[in-house]
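Notes to accompany the following structure.
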Amino acid sequence: MQGRKALPHNDPLELIVLGSGTCVPTGYRGPSSYAVCRGERALLIDMGAGCLEKLARCGISYRNIDGVILSHYHVDHTSELPLLLFANNYSPGYARATSLRIVGPAGLNTFLRDLERLYRWVKPLNYEIIPIEGRTPSATFLGDVELRSCPAAHGDGRALSVRLDAGAVSITFSGDTGYSADLVALARDTDLLIIECSYPAGRESEAEGHLTPKTAARIASECMAKKVILTHLYPEAFHSDPKSQFLEQAQADVTVAYDFLRITL
Ligand SMILES: [Zn+2]
Ligand SMILES: [Zn+2]
């Protein structure tokens, strides 16, 4: 692995929502992806389709991606990763000068091997591959951003919620999940809770592995998040005013995510 340049920690962290939607194509919400940026460097949480082009439109090159954290392997969260690996290996005149950290739940090595078999030429070079199986390995990004995680209640169990702490500020991402006491513990007192809200109110019984405004509000109030962003919205949820439905259940500073939403912490 080549050396990692020390980063100035005085740049504030910025969150950019690159994809606030799901697998359902719409003209206004891409599949799941978020960039946590410090200066011109970024850590990506999930890589749904189109996220690299959106990152570039925000002025951040794919060359400046410090790490990638995959919450799970569903295609709406991962399909842009092969494009990044391909670009890193074969962009004309460019060889990546620093290592890239790729973090994911159990099965990460198999997932990357399967991508390579499928696409060829997307072999991760001398990257750090960090599967999370049980305890979160210690890893820092963007200089001083520390990662913690817990299992998310979603799919076959290979899914994560993650929390990033940088000095006095923290961001917690639910990933795709149903109600989870582990997530409540992970997100305790977090400054910014980015929480999925796939379905509209009234659909709780059908929303196994996902949240509605009511269940998202329960988690947000139990963990006492200071600010809440509702995201991963199917069109049906978006068109049913999820913010009002959330506020019927909990008092909080809540925003409905949209692509290119930017928040400085
Ligand atoms: Zn999803
Ligand atoms: Zn999923």
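The values are calculated or read from the model by the stated rules, or taken from the named source; none is laboratory data. Since the model is a prediction, treat every value here as computed from it, not as a measurement. So basically every Cβ, Gly included, is an ideal-geometry build from the backbone, and we count neighbours across all protein chains shown. The protein model used for the area step is the full one, side chains on, heavy atoms only, and it has no ligands, DNA or RNA in it. Shrake-Rupley method; radii C 1.70, N 1.55, O 1.52, S 1.80 Å.
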*asked:* Cβ neighbours within 10 Å, averaged per peptide: list 158-164, 188-194, 117-123, 97-103 in order, most packed at the top.
replied: 158-164, 188-194, 97-103, 117-123
_Computed E for Asn89/Ala181 - FRET, C-beta separation, R0 51 angstrom, nearest 0.05_ = 0.75
_If I stretch the segment between Asn10 and Arg218 completely, what's the gain in nm (0.36 nm per residue apart, minus their alpha carbon distance), one decimal?_
71.4 nm
*How far apart, in nm, are the 7 Å Cα→Cβ label points at Glu248 and Glu128?*
4.6
*Return the distance in nm (one decimal) between the two label points of a simple spin-label model at Thr140 and Ser79, each offset 7 Å from Cα along Cα→Cβ.*
3.7
*asked:* Please compute the length gained on full extension between Tyr258 and Arg63, using 0.36 nm multiplied by the number of residues separating them and subtracting their Cα-Cα distance.
replied: 67.7 nm
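Can you give me the % of accessible surface on the chain that is carbon or sulfur? Probe 1.4 Å, all protein chains present, nothing else counted. Walk me through the numbers on the way to the answer.
Working: 5960 of 11360 Å².
For the chain, the apolar C and S fraction of the accessible surface comes to 53 percent.
Quick one: length gained pulling Arg113 to Lys226 fully straight, 0.36 nm per residue minus the C-alpha distance?
36.7 nm
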*Among 247-254, 138-145, how do they line up from the highest to the lowest mean number of other beta-carbon atoms within 10 Å?*
138-145, 247-254
_Only sites in a loop by DSSP and with at most 13 other Cβ atoms within 10 Å count here; which chymotrypsin sites (Phe, Trp or Tyr not before Pro) in the range 18-95 make the cut?_
Tyr28, Tyr94
_Within the range 96-154, GluC sites (Glu not before Pro) in DSSP loop having at most 12 other beta-carbon neighbours inside 10 Å_ = Glu133
*Grab the beta carbon distance between Asp241 and Ala168, set R0 = 35 Å, and tell me the FRET efficiency rounded to 0.05.*
0.55
_Dipole in debye (nearest 20) - the chain, about Cα centre, beta carbon charges: Lys, Arg +1; Asp, Glu -1_ = 780
